[in-house]
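Worksheet for the structure shown next.
The values are calculated or read from the model by the stated rules, or taken from the named source; none is laboratory data. Note that the structure is a prediction, hence the values are computed from the model and not measured. Positions of Cβ are generated from backbone atoms using ideal geometry, with glycine treated the same way; all protein chains shown enter the neighbour counts.
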Amino acid sequence: SAPPHRTERLDQDHDGIRRAARLLRQGGLVAFGTETVYGLGGLATSLKTVEHIFRAKGRPSFNPLISHFASAEAAFAEADMAIPLHDMAWELARRFWPGPLTLILPRRTGSRLCEAVTAGLDTLAVRVPKGRAVEELLRLTDQPVAAPSANRSGRVSPSTARHVLDELDGRIDAVLDTGPCPVGLESTVLDLTGSQPVLRRPGGVTLEELQETCGPVTVAGHDGTGGSISRPNAPGQLTSHYAPSLPVRLEATDLKPHEAFLTFGARQAEGASPALSLDLSPDGNLEEAARRLFAALRQLDHTAARHGLTGIAVAPLPENGLGRALRDRLERAAAPRPAEPAPPSA
Ligand code: TXA
Ligand code: MG
């Protein structure tokens, strides 16, 4: 692994953003907040930098990265846009960018993105993130920036600069502190490479919102497969993910002794009294719950020993809107954890 070095904490003023852009342009690793979660950024055009990203995260190299751009024009310039869903791609970009949507598109022959970013696939994942600081950072960097979530592989995504430093201090050059992320869950990943759109990861843009623009959308299973389109599993759709160290139990309506209760909308449970109770949104607001989920999982982990916790029981959550993304992350947190995730079969 890379030799440890100091990680600079940068303020999101003009000087901080300029410094972050300079570090990126020099091939450095800079974490920054987006509207969704913090990303671990580096030049998507530099093989050496992309290899550093994988190493800093401990991420398997078969799991491709999202490239971030300042505009849809810049993003689509790396793709082969001679596709059946060409018009849909532009409509989605107009409606949702900058914002929490990632599009999977065929890779253009001669794209500047290095092959390691896309894990050797012939498709790429692109997005234009939202936020005053990240938008200025991408404009100043003026290059595609690859950025997976800024956590160690398999762990919960970071929604504050503190979370980033907890796992990556000394492994990256800098973190641009843009405050807590306003969405709190990762972007929605929508695959436009086939004849109809396929939702590969629910996220900050809801399925209902996508359907307003796209009409019918196929929803892929957790393994990235599904629907009418038969293609190999998208790498990175590993089921176990977002794993806190405590076991997670879903759809809990009653509690076992020493369980923490992660609830929503002031819902109560039967059984033992909770060792610790955390309501993601007492008012039942899904946006608030999304914003708070990852910090709540981290908090439960950090205080597990003090409260003698043996597990996290999660109340049933709504299935509509952002509830779909919340449930997806919690299902991954609850999934069995193989010691070594098996690479997807080609
Ligand atoms: O909100 C987000 O998307 C954050 C911020 C930093 O932008 N980024 C993020 O990146 O969540 P990451 O690497 O943690 O998740 C990217 C997801 C993975 O599930 C990966 O497998 C998938 O996108 N992905 C990337 N390229 C792909 C491709 N060509 N085909 C299918 N899936 C792809
Ligand atoms: Mg991630």
Within the group Glu186, Glu136, which residue is of a type in the set (D, E, K, R) and more than 10 Å from ligand 1 (Cβ to nearest atom)? Glu136
Being within 15 Å of Glu115 (Cα to Cα) and in contact with a helix residue (DSSP H, G or I) (Cβ under 6 Å, 6 or more places away or on another chain), is that true of even one residue in region 53-68? yes
Any residue at all in region 165-176 that is within 10 Å of ligand 1 (Cβ to nearest atom) and not aromatic (Phe, Trp, Tyr)? no
Restricted to region 137-166, and to residues that are of a type outside the set (Gly, Ala, Ser) and within 12 Å of ligand 2 (Cβ to nearest atom), which residue is nearest to Leu40 (Cα to Cα)? Pro148
With the condition being in the same structural domain as Val189 (by TED's automatic domain parsing), buried (at least 21 other Cβ atoms within 10 Å of the Cβ) and within 16 Å of ligand 1 (Cβ to nearest atom), I'd like the strands (runs of 3 or more DSSP E) fully within region 1-111 carrying at least 1 qualifying residues. 30-33, 38-43, 66-68, 101-106
Would you please name the residue that is surrounded by the fewest Cβ atoms within 10 Å (Cβ to Cβ), looking only at residues in region 113-145 that are among the hydrophobic types (A, V, I, L, M, F, W, C) and under 16 Å from the mean Cα position of the chain (by Cα)? Val128
Consider Val134 carefully, then state whether it is within 16 Å of ligand 2 (Cβ to nearest atom), in contact (Cβ under 8 Å) with a residue 60 or more places away in the chain and either in a helix (DSSP H, G or I) or not assigned by TED's automatic domain parsing to the domain that holds Gly42 (or both). no
Restricted to region 165-189 and to residues being under 13 Å from the mean Cα position of the chain (by Cα) and not in a loop (DSSP other than H, G, I, E, B), the residue surrounded by the most Cβ atoms within 10 Å (Cβ to Cβ) is Thr188
When residues of region 282-295 are filtered for being surrounded by 19 or more Cβ atoms within 10 Å (Cβ to Cβ) and either out of contact with any Leu (no Cβ under 7 Å at 6 or more places or on another chain) or among the small types (Gly, Ala, Ser) (or both), how many remain? 5
